[in-house]
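Each remark here refers to the structure printed beneath this line.
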Amino acid sequence: MELGFTKAEIEGVEIKPVSCKTALSKSRLESDYALNPYRGCSHGCKYCYSPCVLREERPWGKFLDVKRNIPNVLSKELKKKKKGMIRIGSVTDPYQEAEGSYELTRRCLEQLSRHDFPILIQTKSGLVRRDTDLLKKIDSDIGFTITTLNEDFRKKFEPNAPPVSERLSAIRELKEEGLDLWVFIGPLFPYLNDKKEDLIRLKNTLKSLGIEEIYLDKLNLRKKVWERIKPLLGSEMQKKYRDIYFDGDDYFKRKKKMFESIGKTVF
Ligand code: SF4
């Protein structure tokens with residue numbers, strides 16, 4: 001089951017096949033286990049705080065470790081572990097571009113479909129549609145992240161992630177397949193993607209696709225994230241962000257009610 005694989009080429013991303021000793025780790029998020037077939041994420045979102053979680057010093061979005069033996073390791077672990085919810089891609093997108101070639105997420109799903117572990121997946125990629133057959137067999141909870149309908153914002157802050165239109169098409173198709181889906185709108189950037197009219201437009205678009213479950217989160221500004229997004233904000237906006245994040249401006253508190261009219265806030 002280990003891959004004898006054709007190496008994917010992704011422009012600007014150094015890909016390294018690695019072996020893992022364990023597949024499932026304890027999850028600190030709302031699940032029992034975390035499963036990450038890849039270390040690194042070629043989507044390269046500027047606001048991503050996974051490098052902080054992983055204590056990763058390599059430039060985020062520019063490297064990818066491919067855990068080539070993970071389906072095999074997972075298969076052994078599933079026979080021994082206590083049943084529990086598995087979050088696939090807790091720190092990196094399990095359907096990032098390389099998955100199209102390596103199919104590690106799919107091979108893990110194949111293992112999971114033989115056991116009775118519920119799964120949770122959150123992605124920005126329409127590639128998830130490829131695995132509809134398996135997702136229908138497994139007790140799966142699938143969410144899409146959509147930060148905006150504005151492609152300029154998406155290109156700036158999620159430079160290599162799929163366009164929003166691809167995510168919306170995937171939602172439409174998976175809904176037609178009868179899968180239950182939710183959408184995560186986040187992170188909310190003050191003054192940028194968090195305007196009431198834009199969020200209402202996004203909510204209505206999602207509603208027209210049958211999405212009722214929406215979550216919102218604010219931008220969390222860890223030090224490394226601030227360093228990455230600061231150059232993308234003009235000097236005026238940088239000052240506003242300093243006020244909110246470092247000088248006690250209660251911006252998010254003031255806007256919370258409006259956010260709650262769109263969906264459930266998780267901050
Ligand atoms: S898709 Fe998720 S994990 Fe990947 S870079 Fe973006 S925020 Fe990080």
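For the reader, a short list of remarks on this structure follows.
- Extension gain from R130 to E213, taking 0.36 nm per residue of separation minus the Cα-Cα distance: 27.6 nm
- Where L192, L78 fall by accessible area, highest first, once all protein chains stay in place (1.4 Å): L192, L78
- Solvent exposure, largest accessible area first (probe 1.4 Å, DNA, RNA and ligands not counted), of D194, D32: D32, D194
- Segment 14-265: proportion of alpha-carbon pairs further apart than 26 angstrom, %: 41
- Dipole of segment 14-265, positive end: most advanced residue of L199, F144, L112 [Cβ charges, Cα centre]: L112
- Based on protein heavy atoms only, the chain ends up with 49 Å² per residue of surface accessible to a 1.4 Å probe.
- 9 Å beta-carbon shell around Y47, net charge (K/R +1, D/E -1): +1
- The chain: most fluctuating residue of I244, I70, I138 per GNM, C-alpha cutoff 10 Å: I244
- Hypothetical label at K255: residues of segment 143-179 whose amide nitrogen lies under 12 Å (7 Å Cα-Cβ projection): none
- Value of [θ]222 nm, deg cm²/dmol, for the chain, DSSP H segments ≥ 4, -39500 (n - 2.57) each, nearest 500: -10000 deg cm²/dmol
- For the pair D116 and S169, the difference between a 0.36 nm per residue extended length and the Cα-Cα distance amounts to 16.1 nm.
- Both radii were evaluated on the Cα set of segment 125-267; the Rg over Rh quotient, with Rh as the Kirkwood radius, amounts to 1.00.
- Segment 150-197: proportion of alpha-carbon pairs further apart than 15 angstrom, %: 56
- Net +/- balance of residues flanking D141 in space, Cβ distance below 11 Å, scoring K and R +1, D and E -1: -3
- For the chain, the Cys residues with no second cysteine's beta carbon closer than 4.7 Å are C20, C41, C52, C108.
- Intensity falloff of segment 61-103 expressed as log10 I(q)/I(0), Debye formula with alpha-carbon point scatterers, at q = 0.28, 0.33, 0.35 Å⁻¹: -1.18, -1.28, -1.30
- Net length gained if the chain between N150 and R58 were fully extended (0.36 nm per residue, minus Cα distance): 30.2 nm
- Each Lys and Arg contributes +1 and each Asp and Glu -1, all at the Cβ; summed about the Cα centre of the chain, the dipole is approximately 800 debye.
- The label point for F246 and the one for K79, both projected 7 Å from the Cα toward the Cβ, are 5.5 nm apart.
- For K137 and T205, the FRET efficiency from 1/(1 + (r/R0)^6), where r spans their Cβ atoms and R0 equals 25 Å, is about 0.25.
- Segment 192-267 - percent of accessible surface contributed by carbon and sulfur, probe 1.4 Å: 49
- Cβ-placed point charges (K, R +1; D, E -1), dipole of segment 117-267 about Cα centre in debye, nearest 20: 560
- Among V73, V266, the sequence by solvent-accessible area, most first, with a 1.4 Å probe is V266, V73.
The values are calculated or read from the model by the stated rules, or taken from the named source; none is laboratory data. Remember, predicted model here, so these are calculated numbers, not experimental data. Glycine also receives a Cβ, built like all others from the backbone with ideal geometry; neighbour counts cover every protein chain displayed. Side chains included, ligands, DNA and RNA excluded: accessible areas come from the protein's heavy atoms. Shrake-Rupley method; radii C 1.70, N 1.55, O 1.52, S 1.80 Å.
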